[in-house]
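Read through the structure below, which is laid out as structure tokens, and then see the notes.
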């Protein structure tokens, strides 16, 4: 386990059967910016929309995000190694909120997996990570519904969300955003929604006595 991540306080920690222990850490722009830059600049991250940015620009964007109350970034760490970037946002404070009727308890989510290692694909990783994300966002943050907005061309992501139980919503056009810290071009997105009761009809992800439930530390505090 890397000391770089093992010594940092986690907002959520969860054991996922057949996968390992997932910890949710607030992104530290200065420490994590170079790693995140490597991920968002990869060809496979084209739909993330940050491939043209330099490392310093990526660090600046995530440093700005640390100052916000509505948009947050996290590293998902598996057994001490970073494996994904999770971002959450308040739909009412985001461009997606202009495109559908936001309900109380909604939370927006973006998820970017780290590139696979030399061994190639990692079957089951996305499902395992999404289960940890659902536990943190829906239970730890006490939200009622997750909204995602993948690009309509990102067929793999759309299919993945369907397999995870998301209900497709409308195809919408997200307006461009041009701010000092970030530019987002216009985007055609497939909205999809996941209700808490769909994932956790019993209220918690695991009731077995022989395994501790997932813990959410400082659950009310997000980046």
What are the residues in the range 140-152 that are surrounded by 14 or more Cβ atoms within 10 Å (Cβ to Cβ) and touching a residue at least 60 places away in the same chain (Cβ under 8 Å), if any? 140, 141, 150, 151
Inside the range 1-12, can you point out the residues that are surrounded by 19 or more Cβ atoms within 10 Å (Cβ to Cβ) and not in a helix (DSSP H, G or I)? 10, 11, 12
So is residue 135 surrounded by fewer than 20 Cβ atoms within 10 Å (Cβ to Cβ), part of a helix (DSSP H, G or I) and either touching a residue at least 60 places away in the same chain (Cβ under 8 Å) or touching a strand residue (DSSP E or B) at 6+ places or on another chain (Cβ under 7 Å) (or both) or not? no
When the range 36-67 is checked residue by residue, the ones that are touching a residue at least 24 places away in the same chain (Cβ under 8 Å), surrounded by 15 or more Cβ atoms within 10 Å (Cβ to Cβ) and outside any helix (DSSP H, G or I) are 49, 66
Check whether at least one residue in the range 74-93 is in a loop (DSSP other than H, G, I, E, B), crowded, with 19+ Cβ neighbours inside 10 Å, in contact (Cβ under 8 Å) with a residue 60 or more places away in the chain and out of contact with any helix residue (DSSP H, G or I) (no Cβ under 8 Å at 6 or more places or on another chain), and report yes or no. no
Please indicate, with yes or no, whether at least one residue in the range 156-171 is free of Cβ contacts under 8 Å to residues at least 12 places away in the same chain and either surrounded by 17 or more Cβ atoms within 10 Å (Cβ to Cβ) or assigned to a loop (DSSP other than H, G, I, E, B) (or both). no
Is one or more of the residues making up the range 96-118 within 22 Å of residue 45 (Cβ to Cβ), part of a loop (DSSP other than H, G, I, E, B) and touching a residue at least 24 places away in the same chain (Cβ under 8 Å)? yes
Considering only the range 19-35, how many residues are in contact with a helix residue (DSSP H, G or I) (Cβ under 7 Å, 6 or more places away or on another chain) and not in a helix (DSSP H, G or I)? 5
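Coordinate-derived values only; no laboratory data. Treat the numbers as computed from the prediction; the structure is a model and nothing was measured. Glycine also receives a Cβ, built like all others from the backbone with ideal geometry; neighbour counts cover every protein chain displayed.
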